[in-house]
């Protein structure tokens, strides 16, 4: 288990719930402590895209024993929770998927929820912040917001799977994106095929 503090993970209402479930599962497989925030729209998204309609359903899906040992659930309405404070130690934050509304709020520094405040804290404390939007096409406003957060120190990683590994299943497409996110969080994993220069 990592002794460098927990990772903050947020699930918001952008399409891409399978990425969120797989990422959380793999963080727990890697024995990472996670402070988890699921927005109301994020929970609705989980139900729409994965039939996981409750937090208990998410716990079951990613493994109850690991969840009970490694996950601390934080209420998105509680801006007094640990991720809201720079003095509370953590290893950084990932928002997967990240809605354009959330990205916009982060880019403007308007913390209306725990997700947004925790992201603001990650930036001000110079901790890793990985944002995984899944929107298409991007408007000029979206692109400007992405540029603002990138300049502030975030990594914007659109959920855009590659095809050089010849994926045969949807799961392989999901794993491609999740593997890249795990790499940027510094979490060891064995999912996804890495490019080795061969054709």
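Overview of values
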quantity: Using a Förster distance of 45 Å, the FRET efficiency for residue 147-residue 77 (Cβ separation, nearest 0.05); calculated: 0.90
quantity: Over the range 51-127, equivalent-ellipsoid semi-axes from the Cα gyration tensor in Å; calculated: 24, 16, 11
quantity: Inter-probe distance in nm under a simple model that places probes 7 Å from Cα toward Cβ, at residue 108 and residue 168; calculated: 4.8 nm
quantity: Debye equation applied to the C-alpha atoms of the range 7-185, log10 I(q)/I(0) at 0.13 Å⁻¹; calculated: -0.59
quantity: For the range 101-199, convex hull volume per residue from C-alpha positions, Å³; calculated: 132 Å³
quantity: Label-to-label distance, nm, for residues given as residue 15 and residue 69 (7 Å Cα→Cβ offset); calculated: 3.7 nm
quantity: Förster radius 25 Å - calculated FRET efficiency between residue 140 and residue 184 (Cβ-Cβ, nearest 0.05); calculated: 0.45
quantity: Residue-averaged 222 nm ellipticity for the chain, from DSSP H runs of 4+ at -39500 (n - 2.57), nearest 500; calculated: -13500 deg cm²/dmol
quantity: Scattering curve values for the range 122-163, log₁₀ I(q)/I(0), Debye with Cα scatterers, q = 0.17, 0.22 Å⁻¹; calculated: -0.49, -0.75
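Every number in this text was worked out from the coordinates using simple rules, so none of it is lab data. Given the structure is predicted, the values throughout are model-derived calculations rather than measurements. Cβ coordinates were reconstructed from backbone atoms using ideal geometry, including for glycine residues, and neighbour counts include every protein chain displayed.
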